[in-house]
Structures are given as structure tokens and as C-alpha cells.
Amino acid sequence: MSEVVEYESSENKVNVKRGLEGVVCDVSTVSKVNPETNSLIYKGYPVQDLAENCTFEEVAYLLWHDDLPTASQLKEFEKQERSLREISPALAQVIRSFPKGAHPMDAIRTGVSFVGMEDSDTLTRTPQKDYERAMILLAKIPTILAYDYRTRQMGKEPIAPRKDLRIAENFFHMVFGKVPDPRIVKAFEVSLVLYAEHGFNASTFASRVVTSTTSDLFSAVCGGIGSLKGPLHGGANEQVMHMMKEIGDPAKAREWMIQALADKRKVMGFGHRVYKKGDSRVPTMKKYMAVMSEVTGETKWLKMYEALEQVMIEKKNIHPNLDFPAGPAYHLMGIETEYFTPIFVMSRITGWCAHIFEQIKDNRLIRPLCQYTGSTQRSVKPIAQRT
Ligand code: COA
């Protein structure tokens, strides 16, 4: 349902675009989402080609530098990122003190906030300084996550990052103590590339709004993380897995979906504000989810995926979004469900920072209006006279 609501008051008549649906509020050179051609390009490159042919680091470089790196540029980029992976003893201590039941998205938001506090000069913003801050977050977010995963989730000692591994490989090393089958690493890395950037989505827009006040980069990223946590945005990849576990058996999927639709339930992992004919990233992620099924020999989730997708398209013509294949793919990699959205943070930090750089370079405060629908003007009565 398109939510353009017309309000008329004594002063004026105004069309209110709820949820900013269809509103173009700035220009950007970072990525183009085209729902008509069902395509997504980062700096001109189709995301499917990037996912198949590039490492996550190459894509991070692309988003921050306008083009893919040469071999020597990539080497330098990787060297810089790898040198920043360790977290401070103070942050390590803070992570150990996180409340037991807290969601890992809150842990990563707090971790990023703490890293920001380790920079005593956050309001001094030059392109170079902001670039260094973005690199710090790209390097440290996986370490914070893995540290949290090991200590709070597993009750084990953390594992230090390695400098000889790519971000994707190093994440598995820090969480599980080993780099898995290359097919698993590839599927994980594909998810990082697909999750990296997506136009003016809610979390990117949130980080641009924070940046537009000329606040600091860490605050903007914290705003992005808070926004991404929501189940209507990044949080959907976790909800997909909870839903699939609730269904339990592919044989029950069809009936479950019919009932969910009859109950007017929002089915997680389906639908999109921009794409109405299908999410450009889904075929690639689905392919790698199928590879995960093959590697693990566990076909249940893929069968459930197929059944749910079929009924949803048949009954409502609503297609899956990236979170639908990404959730079960992560599950098949052996990752705990609560860490799915934090992994999205590990990736989207690249897109957020590309937008933060763009916003601050040619800034204009983001400050829209609202149509007031409250009480007409009235006078304040002293408290004794109020009934
Ligand atoms: N399950 C069931 N129905 C859905 C649906 C879903 N996941 N997504 C959209 N619809 C239906 C709505 O009920 C509505 O039907 P109606 O017109 O009969 O009332 C119609 O499609 C339009 O939905 P609306 O919520 O207005 O679209 P939107 O652009 O605001 O929503 C999302 C986009 C992403 C918020 C929405 O699709 C959703 O909540 N999806 C589930 C969460 C999710 O996967 N989020 C990750 C997005 S990448």
C-alpha cells in the first residue's frame, strides 16, 4: 500500500509521503538500485559480478575510492586494515562485562561507541581523519563481534586476529578457531559483498542524518547500527531463521505460510520498499545457500525456502529479499542466529562510511517538516483550574 496521505488544514493542503516512500532527497554516486531492471550497481559495477569475482576487501576499497583497486593498492589497503584489527585491553574488558542476555547488536553498538571514545578528537573532521576512522571500524568490528561471541555466547577465551587472513577468513578463525572449507568462506564473503551497500536504506539514511548535523563518524555509525537492528531492516535475517525453526519441517511450510497470510502476518525475509519484482541480490545468495546445503548435507532449510517462496509468490506476488537466503546460509555455516545482523554490520560499515564521506563533503543539514495534526492553539490554565 502506497502511503501518500493528503491532509487539509485551514492553512494549506499537503501530500504527506509517509515513510518517505518514493522521495528522492539527495544525489549519490555510491550505488544505484533499479527496481525496473532488478539491478544493483556499486560505483557502476553489478553487485552479482562483484560477489562472484571480488573479495570483500576489494569491494570495500571500491566503495571508498570510486574504483576497484590494482594489486598494489589492494595490498596497501589490506596491510592498513590488518594492522588495526586488535582491540584495546580497555575495550576487551568492557566486552567481558556486557550483560549476559544482551543482544549482540547492542554489544556491537556499544563496542563501536567505545572505539569512538578512544578517539579524543572526533569532531575534527578531515577526509583523511574520517577515512582512518572508517578503516579502524572495518578492522575492529569483526574482532569486537568475535570477542563477544567467544566470551558471552560460548563462554570461551577470545582468539586474537591473524594478519595473514582476509576479513572473512579471519572472522571464522576468531570465532571457531579455524578457517573452514573454502566453499563456506566464499559463501560468507559473497554475503558480505551483497550486504555492503544499498542506496538510501533506513540505516544509511540514519547515518547520513547524524552526519548532516556535523556530528562525528562514530555517532553516525551507531545510528546506523540502531536502525539496522530493527526486524523491518537488517534484523530480518535473524527473524527468518526464528521463523524457519518455528516451522520446523519443510512439509509444513506451505500450510504455515497460508495460515500466516490469512492472519495478515508480516512474513520476515519477504517484500521490499523499493524492489517489487524481486531483490537483485537474492539469486546470488540463494545459489550460495544451496552450496551450503551441499557442503553440510542438510537440505531441510533449502526445501523450506523453496516451499515458502512458492506460496508467497503464488498468493501475494511478494518476492524474497536478501535476508531470506542469508539467514539459513549463516545457520548452515554454524553461526548462532543472534549474530546474523551483527555480521550485516561487519559488511554495511563500508556502505555507511561511503555515504558518510559523501554527506560531509557537500553537507546540507537534513531537516524535513511534518504536517501538524494536533490540537489547535489553546491557552495554558494554571494547574488548579485544570480538570
Ligand atoms: N509479508 C506479508 N505481507 C507483506 C510483506 C511480508 N513480508 N511485505 C509486504 N507485504 C504486504 C503488506 O501487507 C501490504 O499489503 P496490503 O497492501 O494488502 O496492506 C503490501 O504488501 C505492501 O506492504 P508495505 O508494508 O506497505 O510495504 P513497505 O514498502 O512499507 O514494506 C517492508 C517493506 C520491507 C517493511 C515489508 O515488506 C516487510 O515488513 N517485510 C518483512 C521484513 C523484512 O524482510 N525486512 C527486510 C527488508 S530488506
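Ordered by packing density, taken as the mean number of other Cβ atoms within 10 Å over each peptide's residues, highest first, how do 168-177, 16-25 rank?
The most tightly packed comes first, giving 168-177, 16-25.
Accessible area of the range 31-77 with a 1.4 Å probe: how many percent of it is carbon plus sulfur?
The value for the range 31-77 is 49 percent carbon and sulfur by accessible area.
Quantify how much of the Cα-Cα distance distribution of the range 202-332 extends past 25 Å, in percent. Walk me through the numbers before you get to the answer.
On the way: 2655 of 8515 pairs.
It works out to 31 percent of all Cα pairs.
Apply the Karplus curve 6.51 cos²θ - 1.76 cosθ + 1.60, θ = phi - 60°, to the phi angles in the range 142-157 and return the couplings in whole Hz, x for Gly and Pro.
Result, ordered by residue: x, 5, 4, 4, 5, 4, 5, 4, 5, 7, 7, 7, 9, x, 10, 6 Hz.
Check Ile318: other-chain or 5+ apart residues with amide H under 5 Å from its amide H, H built from backbone geometry?
Here Ile313 satisfy the definition.
So what is the 222 nm mean residue ellipticity for the chain from helices alone, if each DSSP H run of at least 4 adds -39500 (n - 2.57) and you divide by all residues, rounding to the nearest 500 deg cm²/dmol?
Roughly -17000 deg cm²/dmol at 222 nm, from the helical runs in the chain.
Just subtract the alpha-carbon distance of Gln80 and Asp164 from 0.36 nm times their residue separation and send over the number in nm, one decimal.
Result for the pair: 29.0 nm of gain on full extension.
How big is the range 253-386 along each principal axis, measuring the range of its Cα positions in Å and listing the largest first?
Computed over the range 253-386, the largest-to-smallest principal extents equal 72, 46, 31 Å.
Per residue, how much accessible area does the range 1-141 show when a 1.4 Å probe rolls over the protein heavy atoms, in square angstrom? Could the numbers behind the result be given before it?
Values: 7870 Å² over 141 residues.
On a per-residue basis, 56 Å².
Computed FRET efficiency, Cβ-Cβ of Asp49 and His103, R0 41 Å: what is it to the nearest 0.05?
In this case the efficiency is close to 0.75.
On a 21 Å Cα-Cα criterion, which of the cross-link pairs Lys252/Lys315; Lys178/Lys303; Lys32/Lys277; Lys163/Lys361 come out too long?
Lys178/Lys303; Lys163/Lys361
Among Tyr131, Gln73, Ala90, flag the residue with its Cα farthest along the positive direction of the charge dipole of the range 18-176, charges on Cβ as +1 for Lys/Arg and -1 for Asp/Glu.
Highest projection toward the positive end goes to Ala90.
If you scale each eigenvalue of the Cα gyration tensor by 5 and take the root, what three semi-axes come out for the range 123-194, rounded to whole angstrom and sorted largest first? Please report the intermediate quantities before stating the final value.
On the way: eigenvalues 125, 57, 20 Å².
Semi-axes, largest first: 25, 17, 10 Å.
In debye to the nearest 20, how big a dipole does the chain give about its Cα centre with +1 on each Lys and Arg Cβ and -1 on each Asp and Glu Cβ?
It works out to roughly 980 debye.
With all protein chains present, how much of the accessible area of the range 195-247 (probe radius 1.4 Å) comes from carbon and sulfur, to the nearest whole percent?
61 percent
If I stretch the segment between Arg183 and Thr70 completely, what's the gain in nm (0.36 nm per residue apart, minus their alpha carbon distance), one decimal?
Roughly 38.2 nm would be gained on extension.
Under a GNM of the chain (C-alpha, springs under 10 Å), which listed residue has the highest mean-square fluctuation: Pro35, Pro158, Pro182?
Of the options given, Pro182 has the highest mean-square fluctuation.
Above 17 angstrom, tally the Cα pairs of the range 309-387 and express them as a % of all pairs, no decimals.
Values: 2302 of 3081 pairs.
Above the 17 Å cut-off, the range 309-387 has 75 percent of its Cα pairs.
With θ set to phi - 60° and the Karplus curve 6.51 cos²θ - 1.76 cosθ + 1.60, what are the ³J(HN,Hα) couplings of the range 35-47 in order, to the nearest whole Hz, using x for Gly and Pro?
Each residue of the range 35-47 in turn: x, 5, 9, 6, 10, 9, 10, 9, 6, x, 8, x, 4 Hz.
Can you tell which of Asn34, Asn201, Asn15 shows the greatest fluctuation in a Gaussian network model of the chain with Cα springs below 10 Å?
Comparing Asn34, Asn201, Asn15 in the GNM, the peak value goes to Asn15.
Collect residues whose amide H, placed 1.01 Å from N in the peptide plane, falls under 5 Å from the amide H of Gly230; neighbours closer than 5 in sequence don't count.
Long-range HN contacts for Gly230: Gly235.
Can you give the accessible area per residue of the range 289-378, in Å², using a 1.4 Å probe?
Per-residue accessible area for the range 289-378 comes out at 47 Å².
What is the distance, in nm, between label points placed 7 Å from the Cα along the Cα-to-Cβ direction at Thr214 and at Arg18?
Roughly 3.7 nm, to one decimal.
Given that compact globular proteins tend to follow 2.2 N^0.38 Å, what is the ratio of the alpha-carbon Rg of the range 73-173 to that value?
In units of the 2.2 N^0.38 Å rule of thumb, it is 1.10.
Would you kindly give the portion of the calculated P(r) for the range 4-87 that falls above 17 Å, as a percent of all Cα pairs?
64 percent
Provide the per-residue ³J(HN,Hα) series for the range 169-174, in order, calculated from phi with Karplus coefficients 6.51, -1.76, 1.60 and θ = phi - 60°, each as a whole number of Hz, with x at glycine and proline positions.
The phi angles translate into 5, 5, 4, 4, 4, 6 Hz.
How large are Rg and Dmax for the chain when calculated on the C-alpha trace, in angstrom?
Rg, Dmax (Cα atoms, Å): 22.2, 77.
Keeping every protein chain in place, order Asp119, Asp148 by accessible area at 1.4 Å, biggest value first, i.e. largest first.
On the way: Asp119 40, Asp148 5 Å².
Putting Asp119, Asp148 in descending order of accessible area: Asp119, Asp148.
Give, rounded to the nearest 20 debye, the magnitude of the charge dipole that the range 281-377 has about its Cα centre when Lys and Arg contribute +1 at Cβ and Asp and Glu contribute -1 at Cβ. Present the calculation step by step, with values, prior to reporting the outcome.
Details: 11 positive and 10 negative charges, 72 e Å.
I would put it at about 340 debye.
Are there trypsin sites (Lys or Arg not before Pro) in the range 167-218 that DSSP marks as loop and that have at most 15 other Cβ atoms within 10 Å, and which are they?
Within the range 167-218, the qualifying trypsin sites (Lys or Arg not before Pro) (loop, at most 15 other Cβ atoms within 10 Å) are Lys178.
The values are calculated or read from the model by the stated rules, or taken from the named source; none is laboratory data. All figures in this text were calculated on a predicted structure; none of them were measured in a lab. Methodologically, a virtual Cβ is constructed for each residue, glycine included, from the backbone with ideal geometry; neighbour enumeration extends over all protein chains shown. Ligands, DNA and RNA are excluded from the accessible area calculation, which covers all protein heavy atoms including side chains. Shrake-Rupley method; radii C 1.70, N 1.55, O 1.52, S 1.80 Å.
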